[in-house]
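The values are calculated or read from the model by the stated rules, or taken from the named source; none is laboratory data. Note that the structure is predicted; figures quoted are calculated from it, not measured. When we count neighbours, we look across all protein chains shown, and the Cβ atoms used for this are built from the backbone with ideal geometry, even at glycine. These accessible areas exclude ligands, DNA and RNA; they are computed on the full protein's heavy atoms, side chains included. Shrake-Rupley method; radii C 1.70, N 1.55, O 1.52, S 1.80 Å.
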Amino acid sequence: MLSSGLLEFLFYLLIPVVLVSFFQGRQSNDSTVARKKLFTRADYTVYALLLLLGACYACIATFNPPPNVFKTIDAHPSSGCSDLRAQLRSYASSHPHILPISGPIPVSTKNDAQFDLLNYYMSSAYGQLDFLVDRFCTFDEDRDIYLKFGERAFMQSISSSFGPR
């Protein structure tokens with residue numbers, strides 16, 4: 001599966017090829033002269049830009065990893081539902097700024113038909129984490145998709161709002 005980030009990276013890899021062909025111009029068709037190719041300033045520029053781009057991507061991947069709910073709440077990806085909920089509660093108690101104004105909502109309240117789940121899930125960082133934990137407890141394949149492709153791809157793959165598929 002190609003993501004937009006991977007396509008962008010592949011396009012960046014094509015830039016040096018285009019720049020080298022642009023700066024080299026037309027070569028002579030005289031095959032009698034076998035000469036050693038010397039690097040020109042354009043070649044060095046292209047290779048330096050390619051190395052700089054690779055270093056930028058390595059820094060981004062190292063210092064700004066994608067979000068991961070399991071690392072955030074300090075839980076193992078194969079943890080059971082009760083363990084995930086307990087880890088989420090302990091994370092919320094140590095980070096009170098992520099809680100919604102009304103506080104954490106019990107499961108019985110979330111199952112009530114009159115309760116506005118969308119508003120709750122979107123109202124705070126805790127609600128967003130709670131949404132992911134609820135999805136992982138309800139659908140095992142969602143956990144596998146999340147672990148394989150990441151949070152952004154998982155959120156884009158959800159077809160229904162918050163109900164059963």
Selection of chymotrypsin sites (Phe, Trp or Tyr not before Pro), the range 87-162, meeting DSSP coil and at most 16 other Cβ within 10 Å: Phe115, Phe139, Phe162
Roll a 1.4 Å probe over the protein heavy atoms and report the accessible area of Leu19 in Å², nearest 10. 50 Å²
Separation between Cα centres of the range 68-91 and the range 113-137, rounded to whole Å: 15 Å
